[in-house]
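Computed from the coordinates by the stated procedures, all read-outs in this text should not be read as laboratory data. In this text, all values refer to a predicted model and were calculated from it rather than measured experimentally. No Cβ is skipped: glycine too gets one built from the backbone with ideal geometry, and neighbour counts run over all protein chains shown.
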Amino acid sequence: MNLKDAKILLTGGSSGLGKAMAEVLTEAGAKVLITGRNADKVSKVAKEIGCLALAFDVADYDVLASKAAEAVEQLGGIDVLINNAGIGEFPALGEIKLEHFERVFSINVFGLTLLTQEILPHFKKQGSGHIINIASTAALKGFARGSIYSASKFALRSLTQCWQAELRPLNIRVLQVNPSEVPTAFNNPDREEKAIEDHKLTPTEIAYSIKSVLEMDDRGMIPELSVWATNPWAAQ
């Protein structure tokens, strides 16, 4: 697709990977609307980037229909939904509580799906659309203390594949991107961005990966893309 004037809704866009995606896509000429739970932060970041902002919590299911409609109205339509909002909790087996699953799945799986359903009628009506699910390499392989987070991303991978089967005949592309470890504010209690590490990925690599899969001619699609640091052990 041509990103010039493309209308993009990006959840979790006020920091980390989402902020970098918003910057790169806005620079490419797209009209981007970012979301986040903190209204002041989302508004401030959007002003810095030169994009639109809308504050809401993806896990607040009761507002998703109205917020989706408001986002589409602000954008003047919609071409791309990037499901980037997500959280993680990392208890070891023996420490897991039901509320760990409830908190993580409420955003990473349930809210993501319900928001996508609110956008889907717009894609069906215009006969095209792009859904990009930001998962993780944790969607490919589990790890110690990853029971909750990895399970949510495995679930997202399954959702992505099911939606691909349903929506490809409607010219709606569903893509999944799996970043490896990227130092960001993700899972940081104070929500401050972590320092960039020389040999690990930065949010920029993921942002340009998103840009690349979107810019591919719509007659083709990349169903899943994993992005790994070349040599993350070099600094150890």
*Only one of (1) closer than 19 Å to ARG173 by Cβ; (2) more than 19 Å from the chain's Cα centre (by Cα); (3) in contact (Cβ under 8 Å) with a residue 40 or more places away in the chain fails for LYS4. Which number is that?*
(3)
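Test ARG168 against the stated conditions and say whether it is part of a helix (DSSP H, G or I), basic (Lys, Arg) and surrounded by fewer than 15 Cβ atoms within 10 Å (Cβ to Cβ).
On the way: part of a helix (DSSP H, G or I): yes; basic (Lys, Arg): yes; surrounded by fewer than 15 Cβ atoms within 10 Å (Cβ to Cβ): yes.
The answer is yes for ARG168.
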_Members of region 128-165 found to be small (Gly, Ala, Ser), under 23 Å from LYS97 (Cβ atoms) and outside any helix (DSSP H, G or I), listed by number_ = SER136, GLY142, ALA144, GLY146
_Qualifying positions in region 21-37 - under 10 Å from ILE49 (Cα atoms) and of a type in the set (Ser, Thr, Tyr)_ = THR26
*Find the residue count for region 131-165, including only residues that are surrounded by fewer than 17 Cβ atoms within 10 Å (Cβ to Cβ) and among the β-branched types (Val, Ile, Thr).*
1
